[in-house]
Amino acid sequence: FGDGSSSTGDIHESLNLAAVLAVPVVFVIENNQYAYSTPTSEQFVSPNLHERAKGYGMEGFAMDCSDPEHVLQTLGAAIERTRATGRPLLIEAHTFRLRGHAAYDTCDYMKPGEAEAILAQDPLPKFRAKLAAAGHGTRLDAIDTEIAGFVEATIKASLALPPASPEGMLAEVFAPPAAPLAWLPVPAAPQNLNLAQALTLGQRKILAERPESLLLGQDIGAYGGAFKVTEGLVEEFGRPRVLSTPLCESASTGYALGLATNAHRPIEEFQFADFSTDATTQIVLNAATYHFRAGQKCPVVFRFPCGGGLTFGSFHSQELESAFLSFPGLKALYPSNPQDAFNALLAAYEDDNPVILFEHKALYRRGKQPVKWDANYRSIWEPAKLRSGDHATIVTYGEMTLLAGEACDYLAEEYEQTFDLFDLRALAPLKLDAIKASLARTGRLVVIHEGRRTHGFGAELVARLTEEHFAALKAAPLRIAALDIPVPFAPELEAVYRPSKDKIVDAIAAWLG
């Protein structure tokens, strides 16, 4: 990476993470004195960028790149030393660029004569002259001829290819479905668990049966995670199968992606879903695009404890599904009960794509239900129909599923109005056939979600569900969602901010007239 990008937080997170985990990486800063147009004198106070290594407890030194032999010997020795010690190392490579940052870079910002002076220092012509003087001129000429012919043939072959075809682009977003993993049918007997315990059970099963698996995240080791969903797992499976990381969401996610593309299947716990925004680049630009860009599988599970109702404020309570799922390439599951949570974890784990598992914090310990091995665990990718009725089709997910069910029961008893109620469960990819069939019969649609109304996930659901049957609707679709404000940090304010059973009842009753 260059001197300019060495200022980014990702670099510093990665240096620290590599040092803490003793990852054998050689980090090289290519210091060519400019970050696009900004000289190093305007980027740094200290001109010695390799000295940053001291702060992370790793070796660091500068390397003069004016002699290719010196560079080869220095890098070779550094790589061998890193392999032997298992410790990371930082090299600041002092070099220069012969052209601007990009094809359209005019280099107007350089001082008069600076570009000419750099060209005069180009080490490769000097190295070639040295080799020619040593009697290798004829061999160098032959290599030049061979390379020139190869480049010319490559250009001709490339120009002769037909333009890229758009056929199949949509199919390339996700890796194709994988065969189900060979799970042991345990636990066979039902265990009475809450949702958090069901997730712990699922992770224990995965660690016990899948040697390529590992868990990583902040405080997930001895502490058991912020919500105790990994409690007891490090004692049972040890480190590094259960790995507590420093507070570096971006670097940790990048590390997880490296593992995922090299025969591992990591599960990364974010302490709160909100903190995943620090890893947005890794999730939506790297993980989500791997298969489309390179045909590369990226089997990683991101666990997002999300949602409000616990008075955690605006930095620990958000619903981020509409934000992340606006980027293609991510799958997402959002269970609302313990058995679905257990099934969702297994289904997400065996998928060859990055999967976000949304876990509503208010559901972690809201009652217990029997949980056991379910051979039909993959059905979690389809909506579940929880109630049947005639007046409207209600679609929701997460904690809102429980509130919607309570509202349906109340409306049936007090208003004698019944509804088809669907728990969406899978947010991406959306499987809406059963819901569309219901809507075609009822002619009315209600979508409930906890996230904010504007740009909320409900808007996408309404669009998907009504665009085919709009003319047959008996009423305008109803969206019930949170207010368009940050999550308030007071229980009486948060109660106004987010949907509740009473709000759902009142909104549906008013809508039906």
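Here are a few things to note about the model shown:
- Selection status of A222, of a type in the set (A, V, I, L, M, F, W, C) and modelled with pLDDT of 95 or more: yes
- Looking at segment 407-510, the strands (runs of 3 or more DSSP E) lying wholly inside it that each contain 2 or more residues that are under 24 Å from A332 (Cβ atoms) and without any contact (Cβ under 8 Å) to a residue 40 or more places away in the chain sit at 419-423, 478-482.
- Only listed residue being open to solvent by 30 Å² or more (accessible area, probe 1.4 Å), touching a residue at least 40 places away in the same chain (Cβ under 8 Å), part of a loop (DSSP other than H, G, I, E, B) and not acidic (D, E), chosen from S66, S46: S66
- Of the criteria (1) under 23 Å from I435 (Cβ atoms); (2) surrounded by 13 or more Cβ atoms within 10 Å (Cβ to Cβ), which one L483 fails: (1)
- Total residues in segment 111-158, condition of a type in the set (S, T, N, Q) and in contact (Cβ under 8 Å) with a residue 40 or more places away in the chain: 1
- Of all residues in segment 273-297, those that are free of Cβ contacts under 8 Å to residues at least 60 places away in the same chain have Cβ atoms under 6 Å from Cβ atoms of residues that are open to solvent by 10 Å² or more (accessible area, probe 1.4 Å) and of a type in the set (A, V, I, L, M, F, W, C), 6 or more apart or on another chain, in D274/F315; V284/F327.
- Hits in segment 241-272 (condition: open to solvent by 40 Å² or more (accessible area, probe 1.4 Å) and under 27 Å from H291 (Cα atoms)): R241, Y255, N262, A263, H264
- If the condition is being open to solvent by 40 Å² or more (accessible area, probe 1.4 Å), more than 25 Å from P429 (Cα to Cα) and in contact with a Phe, Trp or Tyr (Cβ under 7 Å, 6 or more places away or on another chain), then segment 172-212 contributes P185, V186, A188.
- Scanning segment 95-136 for residues that are open to solvent by 70 Å² or more (accessible area, probe 1.4 Å) and closer than 30 Å to N16 by Cα yields one hit, H101.
- Count of residues meeting criterion [open to solvent by 40 Å² or more (accessible area, probe 1.4 Å), of a type outside the set (S, T, Y) and under 20 Å from F358 (Cβ atoms)] in segment 273-285: 2
Per-residue answers, yes or no, for (1) over 24 Å from the mean Cα position of the chain (by Cα); (2) open to solvent by 50 Å² or more (accessible area, probe 1.4 Å); (3) not acidic (D, E):
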{"site": "D3", "(1), (2), (3)": "yes, no, no"}
{"site": "H12", "(1), (2), (3)": "no, yes, yes"}
{"site": "A18", "(1), (2), (3)": "no, no, yes"}
{"site": "V26", "(1), (2), (3)": "yes, no, yes"}
{"site": "N31", "(1), (2), (3)": "yes, no, yes"}
{"site": "Y36", "(1), (2), (3)": "yes, yes, yes"}
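- Enumeration of residues in segment 390-400 that are open to solvent by 10 Å² or more (accessible area, probe 1.4 Å) and either of a type outside the set (D, E) or under 15 Å from K431 (Cα atoms) (or both): H391
- Exclusive hit being closer than 23 Å to G9 by Cα and without any contact (Cβ under 8 Å) to a residue 12 or more places away in the chain, set G224, G258, G238: G258
- Exclusive hit being under 25 Å from G202 (Cβ atoms), out of contact with any Gly (no Cβ under 6 Å at 6 or more places or on another chain) and hydroxyl-bearing (S, T, Y), set T442, T401, T393: T401
- When residues in segment 157-171 are screened for being at pLDDT 95 or above and open to solvent by less than 90 Å² (accessible area, probe 1.4 Å), 3 of them pass.
- Checking E319 against (1) out of contact with any Gly (no Cβ under 7 Å at 6 or more places or on another chain); (2) of a type outside the set (G, A, S); (3) over 22 Å from R265 (Cβ atoms), the condition it does not meet: (1)
- Matching residues in segment 459-475 - criterion: being more than 15 Å from K436 (Cα to Cα) and either among the polar types (S, T, N, Q) or within 26 Å of the chain's Cα centre (by Cα) (or both): A459
- Condition check for V462: at pLDDT 95 or above, buried (at least 20 other Cβ atoms within 10 Å of the Cβ) and in contact with a strand residue (DSSP E or B) (Cβ under 8 Å, 6 or more places away or on another chain): no
- Tallying residues that are β-branched (V, I, T) and under 17 Å from F270 (Cα atoms) within segment 185-228 yields 2.
- For segment 19-43, filtering for residues that are farther than 24 Å from A78 by Cα, of a type in the set (G, A, S) and not in a loop (DSSP other than H, G, I, E, B) leaves 2.
- Of the criteria (1) at pLDDT 95 or above; (2) aliphatic (A, V, I, L, M); (3) open to solvent by less than 70 Å² (accessible area, probe 1.4 Å), which one A490 fails: (1)
- Considering D433, D420, the condition of being surrounded by 21 or more Cβ atoms within 10 Å (Cβ to Cβ), over 19 Å from P499 (Cα atoms) and modelled with pLDDT of 95 or more is satisfied by D420 alone.
The values are calculated or read from the model by the stated rules, or taken from the named source; none is laboratory data. Note that the structure is a prediction, hence the values are computed from the model and not measured. Positions of Cβ are generated from backbone atoms using ideal geometry, with glycine treated the same way; all protein chains shown enter the neighbour counts. Calculation scope for accessible area: heavy atoms of the full protein, side chains included, ligands and nucleic acids excluded. Shrake-Rupley method; radii C 1.70, N 1.55, O 1.52, S 1.80 Å.
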